[in-house]
Structure formats: C-alpha cells, structure tokens
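S.K.: One structure is given below, represented as structure tokens, and several questions about it will come after.
The values are calculated or read from the model by the stated rules, or taken from the named source; none is laboratory data. Owing to the predicted nature of the structure, the values given are computational and were not obtained by experimental measurement. Every residue, glycine among them, receives a Cβ derived from its backbone with ideal geometry; neighbour counts consider all protein chains shown.
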Amino acid sequence: MLHTPALDDLARRIRGLEDRDALHALMIRGWRALDRKDWRTWSACWAEGGPYDWEFRRDGDGWLLTWQRLGVLWTDGEDTLRAFEPE
C-alpha cells in the first residue's frame with residue numbers, strides 16, 4: 001500500500017471522524033436508555049473500571065436503579081467530544 005504524508009493525514013482525519021461518530025452514537029444510545037429507564041442498556045454504555053458504580057434491583061415493571069455514584073461531571077457533550085480530538 002502506498003504511504004504518503006497526504007494519505008496518512010487523510011487516514012488520520014477519517015479515523016478521527018469515525019471515532020467522533022462512534023462516541024456520538026454511544027452518547028445518544030445512553031441518553032435514550034436513560035429516558036426509557038432502561039438501566040441495563042444505560043450501564044452498558046459506560047466503560048468498565050471507571051469512576052462510577054451503580055446497583056439495580058428487579059421491580060414489578062423492570063429494573064430499578066437503587067444506588068449510583070458517578071465520579072464524573074455531566075456536560076453538554078461538546079467538551080467530552082473535544083477531549084477525544086487529536087492534538
């Protein structure tokens with residue numbers, strides 16, 4: 001495969017766009033799950049080992065979030081996306 005600085009730059013920028021799109025889709029999935037109180041889907045949107053924890057219990061209509069600890073700040077998402085932009 002041919003490697004030139006222009007092609008390498010284009011590949012890097014495409015990867016950045018794909019990463020940004022994947023992060024955006026994950027955030028939308030998480031917020032929709034939160035709106036539906038679909039705690040299993042919501043909790044699956046978070047990486048393992050992060051600064052957060054939660055517990056669930058079975059309720060008559062589904063799962064109920066009974067306890068949570070989030071060691072992160074809630075934001076509008078744009079600063080989160082900026083955190084993943086290449087330097």
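S.K.: Can you find even one residue in segment 46-64 that is at pLDDT 90 or above and within 13 Å of the chain's Cα centre (by Cα)? Lay out the reasoning, then the answer.
M.R.: Here is the first cut: in segment 46-64, the ones at pLDDT 90 or above are none.
Scanning segment 46-64, I find no residue that is at pLDDT 90 or above and within 13 Å of the chain's Cα centre (by Cα), so the answer is no.
S.K.: Right, another one. Looking at segment 1-40, which of its residues are of a type outside the set (Lys, Arg), closer than 21 Å to Asp61 by Cα and part of a helix (DSSP H, G or I)?
M.R.: Answer for segment 1-40, where residues must be of a type outside the set (Lys, Arg), closer than 21 Å to Asp61 by Cα and part of a helix (DSSP H, G or I): Gly30, Trp31, Ala33, Leu34, Asp35, Trp39.
S.K.: Which residue is surrounded by the most Cβ atoms within 10 Å (Cβ to Cβ), if the candidates are limited to segment 11-30 and must be touching a residue at least 12 places away in the same chain (Cβ under 8 Å) and farther than 22 Å from Trp42 by Cα?
M.R.: Step one: list which residues in segment 11-30 are touching a residue at least 12 places away in the same chain (Cβ under 8 Å), which gives 12, 16, 19-20, 23-24, 26-27, 29-30.
When the remaining residues are screened for being farther than 22 Å from Trp42 by Cα, the result is 12, 16.
Numbers: Arg12: 11, Gly16: 13.
The residue in question is Gly16.
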